[in-house]
Amino acid sequence: MQQIDLATTPLREMNETLQAQTGADNQTAWEILNPRGSHAVACGLDAPIEVTVRGHTGYYCAGMNKQAAIHVTGSVGPGVAENMMSGTVVIDGDASQYAGATGRGGLLVIKGNASSRCGISMKGIDIVVHGNIGHMSAFMAQVGNLVVCGDAGEALGDSLYEARLFVRGSVKSLGSDCIEKEMRPEHLAILADLLERAGSDAKPEEFRRYGSARKLYTFDIDNAAAY
Amino acid sequence: MSTSDKEAPRTAPIQSATFTNPVNAEIRRAAATGIYDIRGGGAKRKVPHFDDLLFLGASISRYPLEGYRERCDTSVTLGTRFAKNPITLDIPITIAGMSFGALSAQAKEALGRGASAAGTSTTTGDGGMTPEERGHSTKLVYQYLPSRYGMNPDDLRRADAIEIVVGQGAKPGGGGMLLGQKISDRVAEMRTLPKGIDQRSACRHPDWTGPDDLEIKILELREITGWRVPIYVKVAGSRPYFDTALAVKAGADVVVLDGMQGGTAATQDVFIENVGLPTLACIRPAVRALQDLGMHREVQLVVSGGIRTGADVAKALALGADAVSIGTAALVALGDNDPKWEAEYQALGTTTGAYDDWHEGRDPAGITTQDPLLASRLDPIEGGRRLRNYLKVMTLEAQTIARACGHNHLHNLEPEDLCALTVEAAAMAQVPLAGTEWYPGKPGGGY
Ligand SMILES: Cc1cc2nc3c(=O)[nH]c(=O)nc-3n(C[C@H](O)[C@H](O)[C@H](O)COP(=O)(O)O)c2cc1C
């Protein structure tokens, strides 16, 4: 295990070192110490390596991740794993706003709660939140799956496109054009797989599914109040 | 009834200056359809513009440079503040961001070819980077927009600069839209959305709000790209002093400022015509912000919105811009609104010069369309040649003016070279009204 201590190493040097990895040698396990809320920790990685961040991070931890498996033992600030392409990002604590924003692939797991706008504009990423999520989550979400083992805040899935939302607890309110949909066997299979990969013992049958009513897909004056 | 009664003079019909025929026609259209007008292009109303400024030229106190013999340089370097690899352009005229989706792949390729041949940069748009565009552009600026359509770290690292788009002059505070007619398979795939639906691009970025967040967002983008490429911040002409100051504070290398005449691919007409500041009114406050922070020329200012000629370029530079950017004019150079398509414009209910239904995807010139047949009307090689020619002419025109004012580099043009034809333009550009030494707001009063 290679260690980088952010108490003594500049952020630039840490990211440069991790970004230079190819995963082709034996240095595939890395540990980041003392992040102390730093922003942009372990962003832009592009190799099948494992990175454990011991502590809390600021904004955009694991931003645009490709391939890497990043594990944060603390909580993360806004925009964790934003625009992630592939790989996995696991947060043991809570996540602030915009977790997984615009993510295009890979799996983001938040063991605690996620704040508002979780999964905003998601474009293919899978997100599993063990706790609750805040308001306006999955706003304009395009593709991918958002799984919430706890409750969802107001205006879930507002202006949703084709993303699938699964919530086990209560939903405070649904946003424009978001409706509850039938849970079919293929959805239960997706859920079972995601819950297992996210280390959750919740049962797929306990969830409800939400998706787009597709009424805002083409502009219609009679829907003006919903826009 | 007597003859004199019949012939008594009557009040001539008087058209209202408020309820004009076009206004009434729009009321009838709205009443019939229940939908607001969406169109492409920029503000069509007359606003104070570069036309309201004149150059003074040389005189006894200033001597001119010889045309064709004495040098007048035109190069500009952008991104000198933080980037390891700033961009050096041969001419201070860049091609503005226009999306693949709004424009055909051929048009994007033509823009890349023309810009590269003229030694300048071109810019992606709301819809991601196409291989054609990357391949044919020696210097390509990659836009980072609220929609993040097609955004990925590989393209980010392939770019020569990154432009964070906060706003566009045609619609400060507005998001984008691309109507279903233009969503081909390829466009849909690049944006990860279903084919044929109306696509709305968000008006705010999904993962930051405000100047403090922007600073951290810029840090992240620099960390991902190894601090190599310049980061521009594009703002609409709205509060140019504060937006420029905040962009600088957030760590921008370059500020791109787009006035209300700036084109768009598709926006509500009411938005285009009623929101934002004229380009002319934006430049001095932005330059003042840079000067107040000691950053003029260190953070470069790129101005756009209604730039058409070398005179416009020279005027923008004289007011303190480092470079300009063009959208609409580049499309016109490629063949947009060319009279040779008049019959087809008529069939679409419009006419040459007025065609602005760029969102409908039926462009006779084959530029703002995804229809393969229409798009094939534009030959990217010929288009690129035309754009290069046009860029060269604009540069020669700007040099002609600079030499006449006695400058050996376009960047030596200064406000003292200018006067204004109207009080409004004098106030906005803060140069004297022609024949006086006065402009509104001049420190120390004036007359
Ligand atoms: C067809 C078209 C598409 C555009 N697409 C974008 C875009 O995707 N992103 C953006 O920031 N600006 C976009 N713009 C605005 C231009 O980048 C630029 O600000 C404007 O065209 C400059 O004004 P001008 O057209 O008067 O030269 C677009 C403009 C046009 C005409």
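The values are calculated or read from the model by the stated rules, or taken from the named source; none is laboratory data. All of these numbers come straight from a predicted model, not from anything done at the bench. Glycine also receives a Cβ, built like all others from the backbone with ideal geometry; neighbour counts cover every protein chain displayed. These accessible areas exclude ligands, DNA and RNA; they are computed on the full protein's heavy atoms, side chains included. Shrake-Rupley method; radii C 1.70, N 1.55, O 1.52, S 1.80 Å.
Exactly one of these conditions fails for B:Glu382: (1) open to solvent by 70 Å² or more (accessible area, probe 1.4 Å); (2) acidic (Asp, Glu); (3) within 30 Å of B:Glu437 (Cα to Cα). Give me its number.
Failed condition: (3).
Do you know which residues across segment A:86-106 are surrounded by fewer than 23 Cβ atoms within 10 Å (Cβ to Cβ) and not in a loop (DSSP other than H, G, I, E, B)?
A:Thr88, A:Val90, listed by residue number.
This table checks each residue for (1) away from the ligand (no atom under 16 Å from the Cβ); (2) touching a strand residue (DSSP E or B) at 6+ places or on another chain (Cβ under 9 Å); (3) modelled with pLDDT of 95 or more.
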position: B:Pro285; (1), (2), (3): yes, no, yes
position: B:Ala289; (1), (2), (3): yes, yes, yes
position: B:Glu298; (1), (2), (3): yes, no, yes
position: B:Ile307; (1), (2), (3): no, yes, yes
position: B:Glu342; (1), (2), (3): yes, no, yes
position: B:Gln346; (1), (2), (3): yes, no, yes
position: B:Pro372; (1), (2), (3): yes, no, yes
position: B:Ser376; (1), (2), (3): yes, no, yes
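Looking at (1) more than 15 Å from B:Lys315 (Cα to Cα); (2) not in a loop (DSSP other than H, G, I, E, B), which one does B:Thr436 not meet, given that it meets all the others?
(2)
Restricting to helices (runs of 4 or more DSSP H) lying wholly in segment B:326-429: which have 3 or more residues that are more than 22 Å from B:Ser99 (Cα to Cα)?
Where helices (runs of 4 or more DSSP H) fall fully within segment B:326-429 and carry at least 3 residues being more than 22 Å from B:Ser99 (Cα to Cα), they are B:342-347, B:380-404, B:423-429.
Any residue at all in segment B:91-102 that's outside the structural domain of B:Asp356 (by TED's automatic domain parsing), more than 11 Å from the ligand (Cβ to nearest atom) and under 26 Å from B:His409 (Cα atoms)?
yes
For B:Thr120, state whether it is open to solvent by less than 10 Å² (accessible area, probe 1.4 Å), modelled with pLDDT of 95 or more and either closer than 29 Å to B:Ala311 by Cα or not in a helix (DSSP H, G or I) (or both).
Yes.
Residue by residue through segment A:70-85, note down the ones that are open to solvent by 20 Å² or more (accessible area, probe 1.4 Å) and part of a strand (DSSP E or B).
Result: A:His71, single match.
For segment B:222-236: of the residues being more than 14 Å from chain A (Cβ to nearest Cβ) and in contact with a Pro (Cβ under 7 Å, 6 or more places away or on another chain), which is nearest to B:Val47 (Cα to Cα)?
That would be B:Ala236.
If we only count strands (runs of 3 or more DSSP E) wholly inside segment A:130-227, which ones have 1 or more residues that are small (Gly, Ala, Ser), at pLDDT 95 or above and in contact with a Leu (Cβ under 8 Å, 6 or more places away or on another chain)?
Because the criterion is at least 1 residues that are small (Gly, Ala, Ser), at pLDDT 95 or above and in contact with a Leu (Cβ under 8 Å, 6 or more places away or on another chain), the strands (runs of 3 or more DSSP E) in segment A:130-227 that meet it are A:208-212.
How many of the residues in segment B:5-45 are away from chain A (no Cβ under 14 Å) and under 30 Å from B:Gly327 (Cα atoms)?
Of the residues in segment B:5-45, 11 are away from chain A (no Cβ under 14 Å) and under 30 Å from B:Gly327 (Cα atoms).
Can you report the number of residues in segment B:18-36 which are open to solvent by less than 50 Å² (accessible area, probe 1.4 Å) and part of a loop (DSSP other than H, G, I, E, B)?
Of the residues in that region, 2 qualify.
Taking segment B:144-156 as the region of interest, how many residues are closer than 19 Å to B:Ile95 by Cα and open to solvent by less than 10 Å² (accessible area, probe 1.4 Å)?
Here the count works out to 2.
For segment B:38-47, which residues satisfy the criterion of being in contact (Cβ under 8 Å) with a residue 40 or more places away in the chain and open to solvent by 50 Å² or more (accessible area, probe 1.4 Å)?
Selection gives B:Lys44, B:Arg45.
Among the residues of segment B:157-170, how many are open to solvent by less than 20 Å² (accessible area, probe 1.4 Å) and more than 9 Å from the ligand (Cβ to nearest atom)?
Looking only at that region, the number is 4.
Can you name the residue in segment B:123-142 that is open to solvent by less than 10 Å² (accessible area, probe 1.4 Å), more than 14 Å from chain A (Cβ to nearest Cβ) and not in a loop (DSSP other than H, G, I, E, B) and, of all such residues, is nearest to the ligand (Cβ to nearest atom)?
B:Thr123
Please count how many residues of segment A:8-18 are in a loop (DSSP other than H, G, I, E, B) and either within 11 Å of chain B (Cβ to nearest Cβ) or open to solvent by 50 Å² or more (accessible area, probe 1.4 Å) (or both).
Count: 2.
Tell me, which residue of segment B:171-211 that is under 27 Å from B:Val255 (Cβ atoms) and among the aliphatic types (A, V, I, L, M) is most open to solvent (accessible area, probe 1.4 Å)?
B:Met177
Which numbered condition in (1) surrounded by 24 or more Cβ atoms within 10 Å (Cβ to Cβ); (2) at the interface with chain B (Cβ under 10 Å from one of its Cβ atoms); (3) in a strand (DSSP E or B) is the only one that A:Gly124 fails?
Among (1) surrounded by 24 or more Cβ atoms within 10 Å (Cβ to Cβ); (2) at the interface with chain B (Cβ under 10 Å from one of its Cβ atoms); (3) in a strand (DSSP E or B), the lone unmet condition for A:Gly124 is (1).
Quick check on segment B:249-272. Is at least one of its residues within 15 Å of the ligand (Cβ to nearest atom), more than 14 Å from every other protein chain (Cβ to nearest Cβ), within 21 Å of B:Pro230 (Cα to Cα) and acidic (Asp, Glu)?
yes
Scan segment B:171-201 for residues that are away from the ligand (no atom under 13 Å from the Cβ), in contact with a Ser or Thr (Cβ under 8 Å, 6 or more places away or on another chain) and within 12 Å of another protein chain (Cβ to nearest Cβ) and report the count.
5
Of all residues in segment A:19-56, which are crowded, with 22+ Cβ neighbours inside 10 Å and in contact (Cβ under 8 Å) with a residue 40 or more places away in the chain?
A:Leu45, the sole residue that qualifies.
Test each condition in (1) open to solvent by 10 Å² or more (accessible area, probe 1.4 Å); (2) within 16 Å of the ligand (Cβ to nearest atom) for B:Val303 and report the one that comes out false.
Evaluating B:Val303 over (1) open to solvent by 10 Å² or more (accessible area, probe 1.4 Å); (2) within 16 Å of the ligand (Cβ to nearest atom) leaves (1) as the failure.
Okay, residues lined up against (1) touching a helix residue (DSSP H, G or I) at 6+ places or on another chain (Cβ under 9 Å); (2) over 22 Å from A:Ala202 (Cβ atoms); (3) within 14 Å of chain B (Cβ to nearest Cβ); (4) of a type in the set (A, V, I, L, M):
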site: A:Ala114; (1), (2), (3), (4): no, no, yes, yes
site: A:Phe139; (1), (2), (3), (4): no, yes, yes, no
site: A:Leu160; (1), (2), (3), (4): no, yes, yes, yes
site: A:Val167; (1), (2), (3), (4): no, no, no, yes
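Tell me, please, whether a residue that is among the acidic types (Asp, Glu) and under 23 Å from the mean Cα position of the chain (by Cα) can be found in segment B:413-426.
For segment B:413-426, residues among the acidic types (Asp, Glu) and under 23 Å from the mean Cα position of the chain (by Cα): present.
Determine whether A:Ile179 is buried (at least 20 other Cβ atoms within 10 Å of the Cβ) and either within 14 Å of chain B (Cβ to nearest Cβ) or closer than 26 Å to B:Pro146 by Cβ (or both).
no
I'd like to know if segment A:59-77 contains one or more residues that are farther than 23 Å from B:Arg228 by Cβ, over 11 Å from the mean Cα position of the chain (by Cα) and within 10 Å of chain B (Cβ to nearest Cβ).
Checked segment A:59-77: at least one residue is farther than 23 Å from B:Arg228 by Cβ, over 11 Å from the mean Cα position of the chain (by Cα) and within 10 Å of chain B (Cβ to nearest Cβ).
Quick one: B:Gly366 ticks every box in (1) assigned by TED's automatic domain parsing to the domain that holds B:Glu109; (2) within 16 Å of the ligand (Cβ to nearest atom) except a single one, so which number is it?
(1)
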